[in-house]
1. Considering the options Gln121, Ile5, Ser35, tell which one lies farthest towards the positive end of the dipole of region 2-127, charges being +1 on Lys and Arg and -1 on Asp and Glu at the Cβ, about the Cα centre.
2. Among rounded, prolate and oblate, which fits region 138-184 when a ≥ b ≥ c are the square roots of the eigenvalues of its C-alpha gyration tensor, a/c under 1.5 means rounded, and a/b larger than b/c means prolate?
3. Shape of region 2-127 from its Cα gyration tensor (a ≥ b ≥ c, root eigenvalues): rounded if a/c is under 1.5, otherwise prolate when a/b > b/c, or oblate?
4. Output the peptides 73-83, 177-187 sorted from most to least packed, where packing is the average of other Cβ atoms within 10 Å over each peptide's residues.
5. Net charge near Ile70, counting Lys/Arg +1 and Asp/Glu -1 over other residues with Cβ under 14 Å of its Cβ?
6. How much length, in nm to one decimal, is gained on full extension between Ala118 and Val134, taken as 0.36 nm per residue of separation minus their Cα-Cα distance?
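Any read-out appearing in this document is the output of simple, stated calculations on the displayed coordinates, not a laboratory observation. Computed from a prediction, not measured in an experiment: that's the story for all the values here. A quick note on method: Cβ atoms are made from the backbone with ideal geometry, for glycine too, and the neighbour counts reach across all protein chains shown.
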Amino acid sequence: MINVIIADQQAIFRAGIAKVLAVEEDIRIVGQPQSPEQLLNSLEKLRAQVLIVSTTFLPSLSEIHELAQIRNTALLILADNAEHASDFMGMGVQGVIYRSAGGNMVVEAVRRLSRGQAFLQSPNPADADMSDDVVGQRVRDRLSNRELRIVAAIVQGYRNKEIALQLYTTEQMVKNALRNIFDKIGVSDRLELALFVVHHRILAQATASVAMKNARPRISQRENGRVVLLPHAPPTIH
């Protein structure tokens, strides 16, 4: 049995990877830490052969790597699409996959690392076989640019209020748009939506390209003793 720890601060992605791995008879999820402290504690107490860890934990990577070596745990980095997999291999990790990786690739990476082998996913989307993803392509074609940005925000874990701020609209508009998106894709809630995106590479690539990295408001100067939050410049959305 391959014991796996999944460490990612985005709950939707943790759930998505866990769902993919849980159906495999030879793989068992033993921990899903959300913070560096929880991650180190999980490594210390749980006997895991593979740790899937997102790049949000990079500031603690040296400490994670040191403890993983002691526990004989292989590190599989979960990278964002804009990052270069080869950079992480030089940090002593055994494998790298991207958030857009299909379920079969995640399973294969875990199995290879458990056998002491390395796994490096190509950063070039053209190298991935997406020709059979007819459903993903059909859904991508049906979504407007605005809807695609909302889907990207949901996958990143943003709330309706934060999405509305980024799009310079109201929460009610976001709720209405989400209902339309659910109907177009055939899902019933945010988690099912995110899992659908994770499992369809074409849609995952599309949402990654419009990721709402600046959806959090920035802090401006204090006025009358209080901090005023100002949004970034409005995005161009058609």
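1. My answer, from the dipole projection, is Ile5.
2. Taking the square roots of the gyration eigenvalues as a ≥ b ≥ c, region 138-184 is prolate.
3. Working: a/c = 1.34, a/b = 1.15, b/c = 1.17.
It comes out rounded by the Cα gyration axes.
4. By packing density, highest mean first, the sequence is 73-83, 177-187.
5. Neighbourhood net charge equals 0.
6. That works out to 2.7 nm of additional length.
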